[in-house]
Amino acid sequence: MKNIPVIMIIFGGSGDLAHRKLYPSLFNLYEQGLIHDNFAVIGTARRPWSHEYLREQVSDAIHETHDQVDENEVKAFASHFYYQSHDVTNVEHYVTLKKLAQELDDRYSAQGNRLFYMAMAPRFFGTIATHINDQHLTGSGFNRIVVEKPFGHDLASAEQLNKEITASFDENDIFRIDHYLGKEMIQNIMPMRFTNPLIKNIWSGEYIKNIQITLAERLGVEARGGYYDTSGALRDMVQNHIFQIITLLAMPEPKDLSSDSVHQAKQELLKSLIIPTPEEVEKNFVRGQYLGSDTTFAYKKEPNVDPDSTTETYVAGKTKFTSGPIAGVPIYFRTGKEFKEKKTRIDIVLKHINNPYGQAHSNNITIEVDPESKIYITINGKKIDEPGIRREDLTYVFSKEEMAKVPDGYERLLHDVFVNDSTNFTHWSELKRYWEFIDAVEDAWQKENEAGNPEIAQYLPYRMGPKEADNIFESPTEHWIYE
Ligand code: NAD
């Protein structure tokens, strides 16, 4: 790996994301020699911290995430960090920031390369982008920007934000991050689909009956009730993570593995995404809110949540494409808070075939993404001592030692930004399409809300969500595989 000279500016340097993910990930890249001498990081936030205090924070972040570290390495790494007290809404503060970036550029021979990371509340993204542009914060080398989720609240706000960012950055330099795309098993979808004749040859509507995606969260909204009530499960999880997974499952084979080819394949597919009509939303989507228990609040009683809220903490839905290898195959998805367990799982359900044994189940291919990482295929064989068919799993699984080596999604994706590989980031044209779909569902729900009788299923906490979601299937022979 080569050394990439760069001055990185993190907006939100005192925040949770920076502390838990960015600092430890940068340290891991430093330890591997990807970034060594010619880099400096400027952490910015409003608090009046000193360089030394930020360095202590960085060191703490590393100790909290690593069992064993070389203290000299930690010290050397932290010495590359600088703090700048900065209110992102104050124009003058960008002047000071620019000066510091230039000083550090000289000191570290960073060749005018700048990497901006927006690690703060999304309402500030547009402001930061505008000021970077107006105050000429970009350097004379490469200029890249990483934008956290959510990228907009709907299509109109995403378009506005994109306009503000593209005033200073080319599409190729904008890294819209979705940490799901850094996950081991999500990155395994393409090799699994395209290198196995066994799988590649059945990847069509002729053999696949449906695909099911579940992103189950065990927790409720916790302290984030105020924010969550303005968002909901559809915007929070479907617009980004679930649609990224759907796209990887349904896209045609790219002509090679370059970022351009992968995005081209995705974009080709997304043109044929069917945007649901209000009638289809009513039929194919279920939204829900969790009820309370002896020890937990119902969603509507959570702190900072409107007691008459119509925001969904659960959504199940269906989507389809009119082109691509699995054109016409229903893709069902569901996500929500207060499921029985935290799990991300994809089930590919194959069609039943006529056979002389009659009762045999169809095969399923399951990809477990979190918390375990494995792929398994259900296989039928004969029972040993009685007539009939038994079902066993063929499993592709990592050892504990291998799992320990899997880098965190943020580490992988930050590495990709340094080496300018945008394969696992969201291109604007993809994001736009996702928002068109989400807006269609949100608009239909909004109309239902305004009509005064919205159908919002109330579900018991720590189970599998509302039973109404069992009715979104196209045929009575379909059901949720993960129960
Ligand atoms: P946070 O609230 O912990 O941190 C926000 C940061 O912004 C803090 O450093 C705060 O001081 C700073 N800030 C607030 N107002 C400011 C202002 N006017 N000027 C300058 N600085 C200001 O938030 P977070 O959890 O770190 O999330 C940041 C972003 O990352 C969000 O977009 C979030 O959706 C995304 N994200 C976070 C996580 C996570 O695990 N925390 C995971 C995925 C995505």
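Evaluate the following for Gly328: is it open to solvent by 10 Å² or more (accessible area, probe 1.4 Å), among the small types (Gly, Ala, Ser), touching a residue at least 40 places away in the same chain (Cβ under 8 Å) and under 30 Å from Leu155 (Cβ atoms)? It would help to see each step written out before you state the result.
Details: open to solvent by 10 Å² or more (accessible area, probe 1.4 Å): yes; among the small types (Gly, Ala, Ser): yes; touching a residue at least 40 places away in the same chain (Cβ under 8 Å): yes; under 30 Å from Leu155 (Cβ atoms): yes.
So Gly328 fits the description; yes.
More than 13 Å from the chain's Cα centre (by Cα), crowded, with 16+ Cβ neighbours inside 10 Å and of a type outside the set (Phe, Trp, Tyr): which single residue out of Ala158, Ala167, Ala223 fits that description? Steps first, please.
Values: Ala167 fails: crowded, with 16+ Cβ neighbours inside 10 Å; Ala223 fails: crowded, with 16+ Cβ neighbours inside 10 Å.
Of Ala158, Ala167, Ala223, the one residue that is more than 13 Å from the chain's Cα centre (by Cα), crowded, with 16+ Cβ neighbours inside 10 Å and of a type outside the set (Phe, Trp, Tyr) is Ala158.
Inside the range 341-362, can you point out the residues that are at pLDDT 95 or above and surrounded by 14 or more Cβ atoms within 10 Å (Cβ to Cβ)?
If the condition is that a residue be at pLDDT 95 or above and surrounded by 14 or more Cβ atoms within 10 Å (Cβ to Cβ), then Lys343, Thr344, Arg345, Ile346, Asp347, Ile348, Val349, Leu350, Lys351 are the ones that fit.
Can you work out which of the residues in the range 103-123 that are surrounded by fewer than 16 Cβ atoms within 10 Å (Cβ to Cβ) and not in a loop (DSSP other than H, G, I, E, B) is nearest to the ligand (Cβ to nearest atom)?
Only one residue fits best here, namely Arg123.
Inspect all residues belonging to the range 141-164 and state whether any of them is in a loop (DSSP other than H, G, I, E, B), within 15 Å of the ligand (Cβ to nearest atom) and in contact with a Gly (Cβ under 9 Å, 6 or more places away or on another chain). Lay out the reasoning, then the answer.
Within the range 141-164, the subset in a loop (DSSP other than H, G, I, E, B) is 141-142, 148-154.
Then keep just the ones that are within 15 Å of the ligand (Cβ to nearest atom); that gives 148-153.
Retained after the next criterion (residues that are in contact with a Gly (Cβ under 9 Å, 6 or more places away or on another chain)): 148.
Checking the range 141-164: at least one residue is in a loop (DSSP other than H, G, I, E, B), within 15 Å of the ligand (Cβ to nearest atom) and in contact with a Gly (Cβ under 9 Å, 6 or more places away or on another chain).
Go through the range 111-153 and report how many residues are free of Cβ contacts under 8 Å to residues at least 40 places away in the same chain and of a type in the set (Phe, Trp, Tyr).
0
What number of residues within the range 141-167 satisfy the criterion of being under 16 Å from Met8 (Cβ atoms) and of a type outside the set (A, V, I, L, M, F, W, C)?
Of the residues in the range 141-167, the ones under 16 Å from Met8 (Cβ atoms) are 141-148.
If we keep only those that are of a type outside the set (A, V, I, L, M, F, W, C) as well, we get 141, 143-144, 148.
The qualifying residues number 4.
Yes or no, residue by residue, for (1) more than 13 Å from the ligand (Cβ to nearest atom); (2) loosely packed, with under 15 Cβ neighbours inside 10 Å; (3) part of a loop (DSSP other than H, G, I, E, B):
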residue: Ile4; (1), (2), (3): yes, no, yes
residue: Ile7; (1), (2), (3): yes, no, no
residue: Ser14; (1), (2), (3): no, no, yes
residue: Leu22; (1), (2), (3): no, no, no
residue: Ser25; (1), (2), (3): no, no, no
residue: Glu52; (1), (2), (3): yes, yes, no
residue: Asp60; (1), (2), (3): yes, yes, no
residue: Asp67; (1), (2), (3): yes, yes, yes
residue: Phe77; (1), (2), (3): yes, no, no
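Working carefully through the options Gln244, Gln239, Gln267, find the one that is open to solvent by 40 Å² or more (accessible area, probe 1.4 Å) and part of a helix (DSSP H, G or I).
Values: Gln244 fails: open to solvent by 40 Å² or more (accessible area, probe 1.4 Å); Gln239 fails: open to solvent by 40 Å² or more (accessible area, probe 1.4 Å).
On inspection, the qualifying residue turns out to be Gln267.
Out of the range 240-277, which residues are aliphatic (A, V, I, L, M) and in contact with a Ser or Thr (Cβ under 8 Å, 6 or more places away or on another chain)?
Keep residues of the range 240-277 that are aliphatic (A, V, I, L, M), which gives 242, 245-246, 248-251, 257, 262, 265, 269-270, 273-275.
Correct list: Ile242, Ile246, Leu257, Val262, Leu269, Leu270, Leu273, Ile274.
From the list Leu249, Leu234, Leu198, pick out the single residue that is more than 15 Å from the ligand (Cβ to nearest atom), aliphatic (A, V, I, L, M), part of a helix (DSSP H, G or I) and open to solvent by 10 Å² or more (accessible area, probe 1.4 Å). Please lay out each step first, then the result.
Values: Leu249 fails: open to solvent by 10 Å² or more (accessible area, probe 1.4 Å); Leu234 fails: open to solvent by 10 Å² or more (accessible area, probe 1.4 Å).
Of the residues listed, the single one that is more than 15 Å from the ligand (Cβ to nearest atom), aliphatic (A, V, I, L, M), part of a helix (DSSP H, G or I) and open to solvent by 10 Å² or more (accessible area, probe 1.4 Å) is Leu198.
Take the range 447-469 and flag every residue that is in contact with a strand residue (DSSP E or B) (Cβ under 9 Å, 6 or more places away or on another chain) and assigned to a helix (DSSP H, G or I).
Looking only at the range 447-469, we keep the residues that are in contact with a strand residue (DSSP E or B) (Cβ under 9 Å, 6 or more places away or on another chain), and these are 454-469.
Across the range 447-469, the qualifying residues are Lys467, Glu468, Ala469.
For the structure I just gave you, tell me whether Gly205 is farther than 27 Å from Lys337 by Cα, touching a residue at least 12 places away in the same chain (Cβ under 8 Å) and not assigned by TED's automatic domain parsing to the domain that holds Ile438. Step through it out loud before you land on a result.
Working: farther than 27 Å from Lys337 by Cα: yes; touching a residue at least 12 places away in the same chain (Cβ under 8 Å): yes; not assigned by TED's automatic domain parsing to the domain that holds Ile438: no.
In short, no.
Would you check which residues across the range 260-307 are of a type in the set (A, V, I, L, M) and within 23 Å of the chain's Cα centre (by Cα) and list them? Walk me through it before giving the result.
Initial filter on the range 260-307 (of a type in the set (A, V, I, L, M)): 262, 265, 269-270, 273-275, 281, 286, 291, 298, 305.
Residues satisfying the conditions are Val262, Ala265, Leu269, Leu270, Leu273, Ile274, Ile275, Val286.
The values are calculated or read from the model by the stated rules, or taken from the named source; none is laboratory data. On a predicted model such as this, the values are computed, not experimentally measured, just so you know. All Cβ positions, even for glycine, are placed from backbone atoms using ideal geometry, and neighbour counts span all protein chains on display. Side chains are part of the model used for accessible areas, which takes the heavy atoms of the whole protein and leaves out ligands, DNA and RNA. Shrake-Rupley method; radii C 1.70, N 1.55, O 1.52, S 1.80 Å.
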